[in-house]
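Heads up: the structure comes next, in structure tokens.
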Number of protein chains: 2
Amino acid sequence: MSIITIIGAGMMGSAIGVPAADNGNEVRLVGTPLDSEIIRHAKQTGEHLTLKRQLPGTFRYFPFEDLDIALEQSELIVSAVSSFGVEWFAQNVLKKISNVLPILILTKGMYLEENGSLITYPEYYTRQFPDQEFSFNAVGGPCTSYELVDHDQTEVCFAGSDPLVLAGLREIFETDYYHVSTSTDLTGLEVAAAMKNAYALAVCMAVGLSEAANADGHPNYNSQAALFGQGVREIMRLLEIYGGGAENIVYAAGDMYVTIFGGRTRKLGILLGKGTGIHEAMEELKDVTLESAVIAERTAKAVRTLIAQGKASAEEFPLMVFLDQVINKGQQRVIPWSLFEVQAN
Amino acid sequence: MSIITIIGAGMMGSAIGVPAADNGNEVRLVGTPLDSEIIRHAKQTGEHLTLKRQLPGTFRYFPFEDLDIALEQSELIVSAVSSFGVEWFAQNVLKKISNVLPILILTKGMYLEENGSLITYPEYYTRQFPDQEFSFNAVGGPCTSYELVDHDQTEVCFAGSDPLVLAGLREIFETDYYHVSTSTDLTGLEVAAAMKNAYALAVCMAVGLSEAANADGHPNYNSQAALFGQGVREIMRLLEIYGGGAENIVYAAGDMYVTIFGGRTRKLGILLGKGTGIHEAMEELKDVTLESAVIAERTAKAVRTLIAQGKASAEEFPLMVFLDQVINKGQQRVIPWSLFEVQAN
């Protein structure tokens, strides 16, 4: 049995506590300052406000003010802040931890540096605390929080530098419904996880396109599949450029699949596909946290930078270049279908 | 302008004539003996009986008795027979063709030899006619026939040994909605296309599982995505074993995506996922041509053979081994979720 402190009481942070608690571990859920209402409600009722599900009765809840208590004797920290909370996590949590603890990072996407390069969050945190010896690990693979809480069959991957640490993390979380692969190819897993947002958005644009074009509502699976395949092609190439293994396409493809059907990204993609501009679409969806849109924005910028630096060619990334124009430049163009062709020679 | 003779007036054979006709080519659609009613009806009304759509007015229709007339001055033969018609096509069509013509094969899947090996249809036909010099080419990539007839955006790949022949074929079919990549990696494309049936069936089993388990109808995307990812993993390995390029996973993933949502395979997978045995399920769906089930059956047998011969290990193919048990041995077991895990070492 271990004591696990999860920082961030959003949906995924709360959900990953479920398999850990089912395994008999002590799960301490700490809200960020944005999660006060979630923590208060869960403490009173056992229910998670946004997941709208009961959490395990053994969960212990802490408002952020009680972080120190929640960290006492903790053997593992889970960072469950969103992409917007990464700097905050470094300053307000990591700075306070003196012990050398394993840290499992749930934050999706990658960190976009000033110079337009993407780095993994473990890399980002390590640079912030060069003298510390935290063991940073990350989670990838297709997992929606609701289904995890419901004990639906789920396959994920934990990646980090030390197989022994990974085996220990796996032991905490592995159950008969939450299946944990492990990998030392952290970059590969994170590139796969980060890129899937933009490409899932593209597939959902095809859904919107057909909704706009077909009064009978027939869905145009050919075009969705064409963009899915092109997404796979461009992610394979990005894995190569970033030095990640090709086998991570397994997680990227599964993750795209879940993201296409998962809700929020889908809504944005459909609006864009129907011809709504990005600003108008974001305004229409403003009550929904569009973290996925921001991740797509960042990856598109990063690929633009790779192309500008000559590390990639625009011809290899027709879909990402198109997405960059739609998302970051507010242009609405026709999907460049013929640019996805590749010819034998 | 070319004269194109399509043998087989099923849905895909008829559909691929649409972009060719739109490009101004003369399209001659020849029914097999099973297609008499389709040909008669189309000749009278211009409508395709099973596609339930009007075909281009320039199509010329031929019953099989008039094959010779349909072949006169023809510059390209398209073989649009199903997996069940391959031997028939060799004996009744190829044997009658004396000229050296390019042949484009639409038949999905691969040929299962007596010894349990899979070979591509071009390879099969070449072995049947070792003295002929036909140029056999094949089509892969995600394409449902209905959507092609509707001019929905579609991306496919033509593969064969000669880039010049492929370029010529592409010129005949390429339109602003039917996008043709070309590749000399015929084996890779065909392995990708053949394997997707079995793995799409697996994903649809997860749909059936969740329909059976969740009275509220919520869909368990995590488990669908897990099986999708595992399918990608096993197809990547099969590409390696058969000597096909890893980049063909682009077509396999897109093709799986279309097949999961495309109808017939989905129905069978859902029944299996709900716990119906394969024989009962096939009986229930007997009015539907389950070519995809047969393709899945054959690929599962072929992988079983690879394992028996020591060319692959069962541990690398937990999902195909499971499918083999369900489809070919009539066993119904629980999906072996934990076997899909891969550990760092």
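Each value in this text was obtained by applying a stated rule to the coordinates, not by laboratory testing. Predicted, not measured: the structure shown is a model, and the values here were computed from it. Cβ atoms come from the backbone with ideal geometry, glycine included; neighbour counts cover every protein chain shown.
Some points to look at:
- Put a plus charge on the Cβ of each Lys and Arg, a minus charge on the Cβ of each Asp and Glu, and nothing anywhere else: the dipole of segment A:194-345 about its Cα centre is then about 220 debye.
- In nm, spacing of pseudo-spin labels at B:H151 and A:Q73 (7 Å Cα→C-beta vector): 7.2
- The protein assembly as shown, dipole about Cα centre (Lys/Arg Cβ +1, Asp/Glu Cβ -1), debye to the nearest 20: 540
- The alpha carbon centroids of segment A:197-268 and segment B:89-143 are separated by 33 Å.
- Within chain A: Cβ-based charge dipole about Cα centre, in debye rounded to nearest 20 (Lys, Arg +1; Asp, Glu -1): 720
- Over chain B, dividing the summed -39,500 (n - 2.57) contributions of all DSSP H runs of at least 4 residues by the number of residues returns a 222 nm mean residue ellipticity of -15000 deg cm²/dmol.
- Residue with peak Gaussian network fluctuation, chain B [Cα springs, cutoff 10 Å], from B:V207, B:V93, B:V81: B:V93
- Entry note, chain B: relative contact order of 14 percent, from Cα contacts under 8 Å with a spacing of 6+ residues.
- Shielding score for A:140-150, defined as the mean number of other chain Cβ atoms within 10 Å: 4
- Listed residues B:F261, B:I103, B:Q73: farthest to the positive end of the dipole of chain B (Cβ charges): B:F261
- Listed residues A:M236, A:L323, A:T32: farthest to the positive end of the dipole of chain A (Cβ charges): A:L323
- Shape index of segment A:55-117: Rg/Rh, with Rg the Cα radius of gyration and Rh the Kirkwood radius from the inverse mean 1/r over Cα pairs, equals 1.01.
- The Cα-based radius of gyration and maximum Cα-Cα distance (Dmax) for the protein assembly as shown are 26.4, 88 Å.
- Potential lengthening of the chain between A:R60 and A:S161 amounts to 33.3 nm, from the contour at 0.36 nm per residue minus the alpha-carbon distance.
- Within 10 Å of each Cβ in B:241-254, the average number of Cβ atoms from other chains: 4
- Net charge of neighbours whose Cβ lies under 12 Å from the Cβ of A:R237, counting Lys and Arg as +1 and Asp and Glu as -1: -3
- Each label was represented as a point 7 Å from its Cα along the Cα-to-Cβ direction; for B:K43 and A:H41 these points are 6.9 nm apart.
- Neighbourhood net charge (10 Å Cβ-Cβ; Lys/Arg +1, Asp/Glu -1) for A:A200: +1
- With the convex hull drawn around the C-alpha atoms of chain B, the volume per residue stands at 143 Å³.
- With each label modelled as a point 7 angstrom along the Cα→C-beta vector, the B:E341-B:T126 pair spans 4.4 nm.
- Reach of A:K311 by Cα under 18 Å, taken over lysines that are not fewer than 8 positions away in the same chain: A:K301
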